[in-house]
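The values are calculated or read from the model by the stated rules, or taken from the named source; none is laboratory data. Everything numeric in this text was worked out from a predicted model, so none of it was measured. Ideal geometry is used to build each Cβ from the backbone, glycine not excepted, and the neighbour counts take in all protein chains shown.
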Amino acid sequence: MSLGVKRSLELYSEPVFIMDNKGNKAYMNPECTRLSQDTFDAIYDACYMEAQNFREPWQEERVLEVAHNYGVYTISMRPANTLLQRRPSLICLIHDDTELKAAIKNLKEKNEMLVMMNNSIEMLQDQISQLATIEERNSLAKEIHDVMGHSLNLALHTLESNRLILDKQPEKALMRLRQVVSDIDRGIDEIAAHTESGEDQSLLWSQLDEMADRLSEIGVRLEVIRSKWAGELSDEQEKTIYRICQEATTNAIKHGKADQITVSIKERNRLLHVYIVDNGKGCKSIIKGNGLRGMEERTERLGGFVSFNSFEDGNGFMVHASIPLKSSKP
């Protein structure tokens with residue numbers, strides 16, 4: 001090897017060694033000593049095996065990749081220019097690609113993770129869309145339960161009372177039948193209004209007065225006691241209060257066989273308290289069905305709470321709902 005070639009290889013910033021035409025190590029520059037002996041031997045063995053494929057001096061460069069001791073190395077094997085030897089010496093340039101390969105692997109893993117996250121996001125979006133649809137259906141189901149349950153319960157009691165007066169007072173019975181049809185039609189209209197718009201079309205007090213009039217037709221007295229309060233009720237609050245009163249009166253008549261119901265609405269400590277008390281037969285244990293759970297869900301959605309109590313003597317039942325009020329206007 002000429003002195004000039006040797007000097008240039010000594011100044012080279014990466015490990016370089018030369019393998020002679022017999023496969024022996026003819027030269028290695030100082031950078032080779034930065035590799036552990038074990039690693040260098042593994043690289044050398046790989047180059048020795050590949051050297052068997054070099055037969056002519058003009059053959060092109062070959063590139064090997066050697067992984068050893070958690071390191072990854074790329075070796076460029078180039079035939080040395082010579083006209084005297086049939087089988088050429090080989091210059092082997094070693095490049096440490098450990099950090100690069102690790103970075104590529106890390107990047108690949110992160111890319112795969114991003115793909116997985118993107119797929120998860122798409123799945124979550126689909127689930128959110130499905131949940132929104134389910135929530136909308138549940139909301140409609142609650143409306144149907146509350147509205148039609150109340151209307152059909154009134155209709156049932158009207159029809160039962162009609163059996164007693166059908167022979168003696170047919171005109172009154174016919175009038176009540178028309179009221180039954182009107183109650184059912186009104187319930188259907190309420191469901192349609194809920195489907196088309198989230199707004200309640202009636203004021204709370206007029207709705208409760210109308211409920212009292214309808215209940216009086218089946219012999220149930222509904223008394224509404226109200227007190228003035230500062231602040232305003234939103235449409236959703238009014239609707240929730242009405243639905244709670246509607247469901248509570250339905251349960252009082254259907255399960256408690258009540259004929260007197262009192263709805264009391266008053267403000268205390270910036271909370272609007274709604275009490276619905278009946279004179280029905282009450283119950284020893286309270287089992288929450290769709291109606292009671294629906295009251296809880298409606299109230300909790302407004303940041304309030306609702307409780308259910310049967311009186312100790314077994315006569316009567318009370319529903320108490322508490323809903324936060326808006327701040328009063330200055």
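Within the stretch 222-235, is there a residue that is crowded, with 21+ Cβ neighbours inside 10 Å and assigned by TED's automatic domain parsing to the domain that holds K326? If you could, list the steps in order and put the result at the bottom.
Keep residues of the stretch 222-235 that are crowded, with 21+ Cβ neighbours inside 10 Å, which gives 222.
Subset that is assigned by TED's automatic domain parsing to the domain that holds K326: 222.
Yes.
Take the stretch 264-286 and flag every residue that is farther than 11 Å from F317 by Cα, aliphatic (A, V, I, L, M) and either under 36 Å from the mean Cα position of the chain (by Cα) or crowded, with 23+ Cβ neighbours inside 10 Å (or both). So that I can check it myself, show each step before the final result.
Step one: filter the stretch 264-286 for residues farther than 11 Å from F317 by Cα, giving 264-274, 285.
Pick out the ones that are also aliphatic (A, V, I, L, M) and you get 265, 271-272, 274.
Listed by number, the residues that qualify are L271, L272, V274.
In the stretch 209-240, which residues are in a helix (DSSP H, G or I), in contact (Cβ under 8 Å) with a residue 24 or more places away in the chain and within 23 Å of G282 (Cβ to Cβ)? Steps first, please.
First, pick out the residues of the stretch 209-240 that are in a helix (DSSP H, G or I): 209-216, 235-240.
If we keep only those that are in contact (Cβ under 8 Å) with a residue 24 or more places away in the chain as well, we get 211, 214-215, 235-240.
Once the filter is applied, which keeps residues that are in a helix (DSSP H, G or I), in contact (Cβ under 8 Å) with a residue 24 or more places away in the chain and within 23 Å of G282 (Cβ to Cβ), the stretch 209-240 yields M211, L215.
Answer yes if at least one residue in the stretch 310-328 is out of contact with any Phe, Trp or Tyr (no Cβ under 6 Å at 6 or more places or on another chain), among the hydroxyl-bearing types (S, T, Y), loosely packed, with under 12 Cβ neighbours inside 10 Å and more than 21 Å from K266 (Cα to Cα), and no otherwise.
Taking every residue of the stretch 310-328 in turn, none turns out to be out of contact with any Phe, Trp or Tyr (no Cβ under 6 Å at 6 or more places or on another chain), among the hydroxyl-bearing types (S, T, Y), loosely packed, with under 12 Cβ neighbours inside 10 Å and more than 21 Å from K266 (Cα to Cα).
Would you list the strands (runs of 3 or more DSSP E) that sit entirely within the stretch 247-330 and hold 2 or more residues that are polar (S, T, N, Q)?
Values: elements: 260-268, 271-278, 305-310, 317-324.
Where strands (runs of 3 or more DSSP E) fall fully within the stretch 247-330 and carry at least 2 residues being polar (S, T, N, Q), they are 260-268, 305-310.
So, of the residues in the stretch 280-309 that are free of Cβ contacts under 8 Å to residues at least 24 places away in the same chain and acidic (D, E), which turns out to be nearest to R270 (Cα to Cα)?
E300
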